[in-house]
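The values are calculated or read from the model by the stated rules, or taken from the named source; none is laboratory data. Only a predicted model underlies this, so the values are computations on that prediction, with no experimental measurement involved. Glycine also receives a Cβ, built like all others from the backbone with ideal geometry; neighbour counts cover every protein chain displayed. To get the accessible areas, we keep the full protein, side chains included, count just its heavy atoms, and leave off ligands, DNA and RNA. Shrake-Rupley method; radii C 1.70, N 1.55, O 1.52, S 1.80 Å.
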Amino acid sequence: GGRDGLALLMDELDARFVTNPPPQPHLLVLSGDQIYADEVAHPLMPRILRVAADLVGIDETDVFGPPPAIGGRGPGTRALGYTGATANHLWTFGEFLAMYLLTWSPVLWANPLPGFPPPAIPPDVDSGVSQGTWDEEQAHVRLHLDVLPQVRRVLANIPSVMICDDHEITDDWNIDYAWVNSVYANHGGRRGVTNGMMAYLVCQHWGNKPAEFDAASSPESLALAMISEAATSGQSAASTAAPLLGVPTDVLPAAPRARTLRDLTAPGAIRYDLTLGPEEGWPARIVLLDERTCREYPEQVGRGARISLAGLAVQLPPPTTPAEVTLVVAATPIVGTELIEHM
């Protein structure tokens, strides 16, 4: 009904851990779609634009133009080559960061939420958005906001790791060869993906591998420095940071053997996958696969491979230290997207 399921975990912890001292959970693993960049509710969009302008302040109108009417981003989003929901798709770095801040904390929310039409909040509302649609979405957003304090307590008190799936960036991200060559050949499409990846780097990957951001000359520290330096002058770091983030800068070659999104063994490649095991003091081995940025496309038509064989070999090598059990976390359905969705 719109509530964040993470809030239920707080109720579960309160009910279960009645011993003194209470046993604590070891790890919370979030396996993708922590935000939905492509399905933003109409009543939330004015606040996203406000937070993006006030707290981030990076002007990207040279690429995306001024923000269109709320609910009116469809034509512009489809022009970027994106698919799926497009009415309020996030485009700019500031919008992506704002979405993370609003998803995980109640601090920056407007209270009360804006009614229809929102008074004195630019931009206008698209003529295709009805008051009934607005009110229905507002009720769902309110349910989400009501439990955000519990969500924040969960994230503050349980060690967490995260891996991305498609909705951190856009629906169907890197899903097939045609999508890749349509979006990355488009300057605006490539900018939108890069903005999402920069926000993912700061809001999710940094928490997975904090030591990498402190290591001198690591790709993470270099990317963070680029983002920070550009932000101080209100500029975007997307063009310089894209290669570090693993975002293709052009269309993929036609030769099938070369149709891989990126090489994880290349110098400077950021590894978004994560392994926790005996070497790190864990009794079990936990492997989070990065499938979205490591795909390959053996055919020009049809879905791409969920992960390249080379990428899988790097992320899931034969273990050097035995563990009682290995847990492999894969964001994409393990027995096949088509089968799961049709069932």
- Given the Cα-Cα distance of Ser31 and Arg16 and 0.36 nm per residue of separation, how much length would full extension add, in nm? 3.0 nm
- Message: Quick check: residue separation of Leu55 and Ala110 times 0.36 nm, minus the Cα distance between them. What number comes out in nm?
- Response: 18.3 nm
- Query: How would you rank 140-147, 270-277, 58-65, 188-195, highest first, on the average number of other Cβ atoms within 10 Å across their residues?
  - Reply: 188-195, 270-277, 140-147, 58-65
- Pick out, in residue order, every one of the chymotrypsin sites (Phe, Trp or Tyr not before Pro) in region 119-186 that is DSSP loop and has at most 14 other C-beta atoms within 10 Å; say none if there are none. none
- Message: I need the phi-derived Karplus couplings for region 110-115: 6.51 cos²θ - 1.76 cosθ + 1.60, θ = phi - 60°, integer Hz, Gly and Pro marked x.
- Response: 6, 9, x, 5, x, x
- Mind checking the per residue accessible area of the chain for me, 1.4 Å probe, whole number of Å²? 47
- Using θ = phi - 60° and the Karplus relation 6.51 cos²θ - 1.76 cosθ + 1.60, list the HN-Hα couplings for region 227-243 in order, rounded to whole Hz, with x at every Gly or Pro. 5, 5, 5, 5, 5, 5, 10, x, 10, 8, 9, 4, 5, 7, 7, 3, x
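With +1 on the Cβ of every Lys and Arg and -1 on the Cβ of every Asp and Glu, and nothing else charged, how large is the dipole of the chain about its Cα centre, in debye rounded to the nearest 20? Walk me through the intermediate numbers first.
Details: 21 positive and 40 negative charges, 59 e Å.
Here the size comes out at about 280 debye.
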- How many percent of the accessible area of region 110-157 is carbon or sulfur, using a 1.4 Å probe? 51
- Protection proxy ranking, peptides 99-111, 252-264, average beta carbon neighbours within 10 Å, highest first: 99-111, 252-264
- Given 20 Å bins starting at zero, what is the percent of C-alpha pairs of the chain in each, up to the one with the largest pair distance? 28, 59, 13, 0
- Over the chain, relative contact order from alpha-carbon pairs under 8 Å, at least 6 apart, %: 20
- Whole-Hz Karplus couplings 3J(HN,Hα) for region 267-280, θ = phi - 60° and coefficients 6.51, -1.76, 1.60, Gly and Pro as x, run x, x, 6, 6, 9, 7, 5, 9, 10, 10, x, x, 4, 9
- How far is it, in nm, from the label point at Ala258 to the one at Gln24 when both lie 7 Å from their Cα along the line to the Cβ? 5.2
